[in-house]
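Report on the structure given below.
The values are calculated or read from the model by the stated rules, or taken from the named source; none is laboratory data. Since the structure is predicted, the reported quantities are computational estimates derived from the model, not experimental observations. Reconstructed Cβ throughout: ideal geometry from the backbone, glycine too, with neighbour counts over all protein chains shown. Calculation scope for accessible area: heavy atoms of the full protein, side chains included, ligands and nucleic acids excluded. Shrake-Rupley method; radii C 1.70, N 1.55, O 1.52, S 1.80 Å.
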Amino acid sequence: MTKFTFPQSIKSRPIYGTLEARDGSAHLLVADAHGAEAILDVATPEMMAKAHIIYIPKGEHFEDKLRALKPALFYSGPSYSAAEPRLRKALADARMGLQVYLTGTEGLMGQAMNAAMAAGIPHTAIQTEHRGSVARRMQCVHCKGITEDVETDPFVCSHCGLNLFVRDHYSRRLAAYQGVRVDAEDPGNVPEPKGIYE
């Protein structure tokens, strides 16, 4: 099961929809892992004739199915940072009428959303659909380091080693949730980790 219904939360937490094919002069589809399934669900031959797919497999095996859609351009890379120059170039070269589809993990969608907004793509031309892992991209509010793919609460900051509480507060600027020291007032008193949505 690659779809997950997120529980209600605070206003800063992103809300994701379901991708739908839209009319556009071009289509930029960015996905990681199970996000490929959302692309497979929404793709039409007309869309693919004008589509650029940027895909980060993260160990999943959808690349052949995505290539079989026959997009005008296709890229598969090992990480978001490896794909980012290509994404920025595609956004910089974009013409009016581009439709952007972001799907997969929250970390990918948040970072790609920032790139699209920085390039001047209107928010009405950007769609998101969460698929796959519910792991979070977390920023430690103490050292400002980013830890990718956090699945437990609390977790240990990969930069400073503090035990951090996984908050629902989301920074769109950083494309990351915020983590705060869980044992600040009682050092060493750290609860047993559990899944974020348990």
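The residues of the stretch 54-171 present an accessible area of 48 Å² per residue when probed at 1.4 Å with all protein chains retained.
Give the residues of the stretch 115-157 whose amide nitrogen is closer than 17 Å to a point set 7 Å from the Cα of residue 75 in the direction of its Cβ. Taking a point 7 Å out along Cα→Cβ of residue 75, the residues of the stretch 115-157 whose backbone N falls under 17 Å are 115-121. Taking amide H as placed 1.01 Å from N in the peptide plane, the amide H of residue 133 sits under 5 Å from that of 34, each at least 5 places away or on another chain. Evaluated at q = 0.09 Å⁻¹, the base-10 log of the normalised Debye intensity for the chain, with identical point scatterers placed on the Cα atoms, takes the values -0.36.
If I take every Cα pair under 8 Å that is 6 or more residues apart in the chain, average their sequence separation and divide by the length, what percent do I get for the relative contact order?
Details: 398 pairs, mean separation 40.9, N = 198.
Relative contact order for the chain comes out at 21 percent.
The value of relative contact order for the stretch 26-130, using C-alpha pairs under 8 Å at least six residues apart, is 33 percent.
Projected label points at residue 13 and residue 61, each 7 Å from Cα along the beta carbon direction, are separated by 3.5 nanometres.
Charges were assigned to the Cβ only: +1 to each Lys and Arg, -1 to each Asp and Glu. The resulting dipole of the chain about its Cα centre is roughly 720 debye.
Near the amide H of residue 169, within less than 5 Å, lie the amide hydrogens of 178, all on another chain or at least 5 residues away, with H placed in the peptide plane.
Leaving out ligands, DNA and RNA, and with a 1.4 Å probe, what % of the accessible surface on the chain is carbon or sulfur? Intermediate values should be presented prior to the final figure.
Details: 5430 of 10380 Å².
So the carbon and sulfur contribution to the accessible surface is 52 percent.
Derived from the Cα gyration tensor, the three semi-axes of the equivalent ellipsoid of the stretch 1-69 are 24, 17, 10 Å, largest first. Annotation: lysines with alpha-carbon distance below 27 angstrom to residue 194 (same-chain offsets under eight excluded): 3, 11, 58, 144.
Expressed as a whole percent, the proportion of Cα-Cα pairs in the stretch 115-190 lying more than 15 Å apart is 59%. Between residue 74 and 53, the built amide H atoms are under 5 Å apart, and every one of these is 5 or more places off in sequence or on another chain.
The listed residues 96, 113, 48, once ranked by accessible area (1.4 Å probe) with the largest placed first, stand as 96, 113, 48. Between the stretch 84-100 and the stretch 158-174, how far is it from one alpha carbon centroid to the other, in angstrom? Centre-to-centre distance over Cα atoms comes out at 29 Å.
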